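What follows is calculated from the coordinates using simple rules that are stated; it is not laboratory data. Just so it is clear, the model here is predicted, and its values are computed rather than measured.
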Amino acid sequence: MDETNQDEVVAPKPFVAWLQEQRKGVAHAECSDALQDLIRAVRDTGRAGKMTLTIDVKPASKGQDVVLVKDSIKLSLPEHEREEAIYFVDKDGNLSRENPNQQRLPLVEVQPRARAAGDD
């Protein structure tokens with residue numbers, strides 16, 4: 001007869017031990033790599049990011065103590081802030097850096113003159 005005390009509190013298996021077993025250690029390695037990628041991106045951009053580990057558990061079959069466990073890792077990496085650029089839209093709907101409604105001025109490049117001794 002089994003004499004296990006039903007009221008006895010048993011410590012749960014450490015999460016990291018399970019993670020190191022999941023998919024023969026691949027889940028743990030992927031989490032480590034993803035965390036390092038996230039830390040680098042946060043350091044490089046100065047912006048926040050996020051890593052999410054999702055663990056799905058479902059019964060393998062009804063009435064048995066067997067479950068199927070699937071993990072997934074999602075990274076939301078911060079991005080560098082991108083500058084805005086001003087463009088004009090021409091009559092055909094194309095973007096242009098020059099205002100199509102404004103005349104172009106005939107600009108001439110001026111060469112710097114040589115300085116004479118004593119010009120300061």
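Within the listed set A85, A48, A29, the residue fluctuating most in the Gaussian network model of the chain (springs between alpha-carbon atoms under 10 angstrom) is A85.
Eigen-decomposition of the gyration tensor built on the alpha-carbon atoms of the chain gives equivalent ellipsoid semi-axes of 68, 23, 11 angstrom, largest listed first.
Among K24, K50, K91, which one shows the biggest mean-square fluctuation in a GNM of the chain, springs joining Cα atoms closer than 10 Å? Highest fluctuation among the options: K91. Lysine pair count for the range 1-100 with Cα-Cα distance under 21 Å and sequence separation of 8 or more or different chains is 11.
What is the helix-to-structure angle for 26-45, meaning the angle in degrees between its Cα long axis and the longest Cα principal axis of the chain, kept from 0 to 90 and rounded to the nearest 10? The two axes meet at around 30 degrees. Can you pull the Rg over Rh of the range 15-76, Cα-only, Kirkwood? Over the Cα atoms of the range 15-76, Rg/Rh equals 1.13.
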